[in-house]
Amino acid sequence: MSELTEKIKKIFTDEKLDILIGYEKGSLPLRGTPCFIESAEDADKLIFDSTCHNNLAKYLTDQKKTEVDARKIGIVVKGCDARAVVQLVVEKQFERENIVIIGVPCKGVIDPSKLRAKLRDKEISDFRFDGNKIIVSGENFQETFDKNELLSDGCLSCKYPNAPQYDYFIGDPAEPIASKDEYADIDEFEKKPPDERWEYFEKEYGKCIRCYACRNACPMCYCEQCFVDCSMPQWIGKGGNLSDKMIFHIVRAMHLAGRCVDCGACAAACPLNIDVRLLGKRIEREVAERFDFTAGMDFETPPALATFREDDKQEFIM
Amino acid sequence: MSDFEPKIMTFLCNWCSYAGADLAGVSRIQYPPNTRVIRVPCSGRVDPLFILKCLQDGYDGVLVSGCHPGDCHYISGNYVARRKFAVLKKALEFMGMEPDRVQFSWVSAGEGEKFSQVISKVTETVKALGPAKKLVKRIGR
């Protein structure tokens with residue numbers, strides 16, 4: 001029995017949890033799967049490692065819509081997931097007392113699409129971690145990858161691998177990976193001329209098939225009715241028109257301004273590998289620099305775009 | 001493009017800027033006829049989606065105008081709007097949109113003269129930019 005399952009069993013009983021959301025071994029290799037534990041004995045199947053890329057905070061808002069009860073919910077969180085939970089509490093999506101936040105140290109999660117790109121058609125059946133290496137194997141092949149090559153883009157510059165707010169923390173806090181500067185990609189991108197930048201976004205967002213997987217995977221997207229689903233009035237067309245796709249992605253990014261925790265759930269969910277992170281990251285930077293705000297760090301600070309200061313900069317107003 | 005006359009959508013808040021436009025009218029102050037006005041209760045009512053929608057529908061520029069900071073009829077609507085617009089403007093600029101197509105101003109009910117200056121200036125800048133191409137909805141794309 002690992003430290004994780006042992007401690008969670010104790011927490012489950014001590015806190016009288018009704019349900020606990022965590023990860024179990026997935027049916028596919030290198031894919032941890034969310035699981036729901038309803039009794040302490042069940043906790044044996046829990047795992048946590050670099051294969052657990054889902055943001056579990058999503059399930060907290062999903063539940064709210066269907067359940068009217070006040071169940072006590074435990075949730076196993078990485079740094080980014082914890083920030084999403086905190087942000088949801090700040091936005092009054094559920095009561096703080098009903099949630100038990102269990103932090104775990106995160107050493108970065110694997111982006112399945114990066115692995116897919118490296119393996120092409122080969123299918124893996126087994127894997128193991130060896131320090132900073134991942135050894136994957138399948139029929140007639142074995143390959144070793146550097147873990148950093150396979151980590152999600154957000155993880156490479158992650159500053160908060162441990163939950164900033166928690167009730168319990170299991171394990172020793174992890175060091176930030178920070179193998180590259182958080183805004184390096186943005187600085188690089190901003191050097192390009194405007195038309196080239198616009199072309200890039202047209203190319204990326206043009207791939208969109210409007211499946212809304214990015215929205216559905218996002219823990220912060222919990223509106224009862226999304227603007228893209230409205231028909232009275234119908235704000236934007238539902239088809240494959242480029243302009244509609246662009247507006248969907250810009251407005252989605254705007255709705256997440258000052259709320260996004262950069263967990264990468266949207267990027268991981270996208271079946272077409274659209275670069276949904278770039279614009280969000282630029283907005284995150286603007287919010288951080290202009291309003292000195294980082295989402296999901298504490299329970300008191302209101303979200304940047306839901307508040308104001310009288311002396312906010314207004315150099316852009318004519 | 002010297003004969004290009006831009007179409008500019010203007011969102012005016014009911015309490016200040018709309019009254020400012022009214023004052024410009026009753027004072028017979030001249031300004032370019034390129035704007036179409038939508039009256040909104042407050043500049044805080046303007047959703048970034050409205051602005052994008054205008055650009056999609058073929059407007060060459062969008063102006064949002066509200067009460068001066070501190071003068072909002074709803075106390076803080078324009079302060080919240082200011083944060084929202086700051087982020088939107090930066091996001092559009094980052095994407096490669098001409099930042100001057102989307103403009104914001106504060107015009108009070110007593111500033112008929114300023115209203116006419118703002119409209120002239122926006123019209124001039126957008127005219128210089130030429131017709132909007134980015135984000136415009138075209139059939140078959």
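Every number in this text was worked out from the coordinates using simple rules, so none of it is lab data. Treat the numbers as computed from the prediction; the structure is a model and nothing was measured. Glycine gets a Cβ as well: all are built from the backbone with ideal geometry, and neighbour counts include every protein chain shown.
Data overview
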{"quantity": "Net charge dipole size for chain A [Lys, Arg +1 and Asp, Glu -1 on Cβ; Debye, nearest 20]", "calculated": "660 debye"}
{"quantity": "Partnerless cysteines, meaning none of the other Cys C-beta atoms lie under 4.7 Å away, in chain A", "calculated": "A:Cys35, A:Cys52, A:Cys106, A:Cys155, A:Cys158, A:Cys208, A:Cys211, A:Cys223, A:Cys226, A:Cys230, A:Cys260, A:Cys270"}
{"quantity": "Inter-chain shielding of A:200-206 (mean C-beta neighbours from other protein chains, 10 Å cut-off)", "calculated": "2"}
{"quantity": "Choice from B:Arg82, B:Arg39, B:Arg28 showing the highest fluctuation, given a GNM over chain B with Cα pairs closer than 10 Å", "calculated": "B:Arg28"}
{"quantity": "Net charge over other residues, Cβ less than 10 angstrom from the Cβ of A:Pro161 (K, R count +1; D, E count -1)", "calculated": "+2"}
{"quantity": "Span from the region B:1-31 Cα centroid across to the region A:6-80 one, whole angstrom", "calculated": "57 Å"}
{"quantity": "Out-of-range pairs (alpha-carbon distance over 18 Å; input A:Lys45/A:Lys122; A:Lys192/B:Lys53; B:Lys53/B:Lys89; B:Lys53/B:Lys84)", "calculated": "A:Lys45/A:Lys122; A:Lys192/B:Lys53"}
{"quantity": "Chain B - percent relative contact order, Cα under 8 Å, separation 6 or more", "calculated": "37 percent"}
{"quantity": "Value of [θ]222 nm, deg cm²/dmol, for chain A, DSSP H segments ≥ 4, -39500 (n - 2.57) each, nearest 500", "calculated": "-9500 deg cm²/dmol"}
{"quantity": "Cβ crowding within 10 Å averaged over residues, with A:70-81, A:118-129 ranked highest first", "calculated": "A:70-81, A:118-129"}
{"quantity": "Likely footprinting exposure, B:Cys54, A:Cys155, fewest C-beta neighbours within 10 Å first", "calculated": "B:Cys54, A:Cys155"}
{"quantity": "Sequence ranges A:43-50, A:227-234, A:100-107, ranked by mean other-Cβ count within 10 angstrom, highest first", "calculated": "A:100-107, A:43-50, A:227-234"}
{"quantity": "Gap separating the Cα centres of region A:279-318 and region B:47-73, nearest whole Å", "calculated": "20 Å"}
{"quantity": "Cross-link table A:Lys245/A:Lys281; A:Lys191/A:Lys313; A:Lys58/A:Lys207; A:Lys25/A:Lys147, entries beyond 29 Å C-alpha to C-alpha", "calculated": "none"}
{"quantity": "Region B:8-129 shape via C-alpha gyration tensor axes, a/c threshold 1.5", "calculated": "oblate"}
{"quantity": "Long-range HN-HN contacts of A:Val77 with modeled amide H, under 5 Å", "calculated": "A:Ile102, A:Gly103, A:Val104"}
{"quantity": "Gyration tensor (alpha-carbon) shape descriptor, region A:7-66, a/c threshold 1.5", "calculated": "oblate"}
{"quantity": "Candidates per chymotrypsin sites (Phe, Trp or Tyr not before Pro) in region A:232-318, loop by DSSP, up to 14 other Cβ within 10 Å", "calculated": "A:Phe299"}
{"quantity": "Burial ordering of B:Glu111, A:Glu175, fewest other beta-carbon atoms within 10 Å first", "calculated": "A:Glu175, B:Glu111"}
{"quantity": "Chain A: relative contact order in percent, alpha carbon pairs under 8 Å with at least 6 residues between", "calculated": "18 percent"}
{"quantity": "Distant alpha-carbon pairs in the protein assembly as shown (separation over 41 angstrom), percent", "calculated": "26 percent"}
{"quantity": "Charge sum, other residues only, whose C-beta stays under 11 Å from A:Asn55's C-beta, Lys/Arg counted +1 and Asp/Glu -1", "calculated": "+1"}
{"quantity": "Relative contact order (percent, whole number), region A:161-318, Cα cutoff 8 Å, 6+ residue spacing", "calculated": "23 percent"}
{"quantity": "Local net charge near A:Asp187, Cβ-Cβ under 12 Å (Lys/Arg +1, Asp/Glu -1)", "calculated": "+1"}
{"quantity": "Region A:1-142 - convex hull of the alpha-carbon atoms, volume per residue in Å³", "calculated": "128 Å³"}
{"quantity": "Other protein chain Cβ atoms within 10 Å, averaged over every residue that makes up A:296-306", "calculated": "1"}
{"quantity": "Kirkwood Rh in Å, taken over all unlike Cα pairs in region A:237-318", "calculated": "14.4 Å"}
{"quantity": "Centre separation in Å (Cα based) which lies between region B:88-125 and region A:237-278", "calculated": "27 Å"}
{"quantity": "Viscosity 1.567 mPa s, temperature 4 °C, Stokes-Einstein D of region A:76-224 from Kirkwood C-alpha radius, µm²/s", "calculated": "70 µm²/s"}
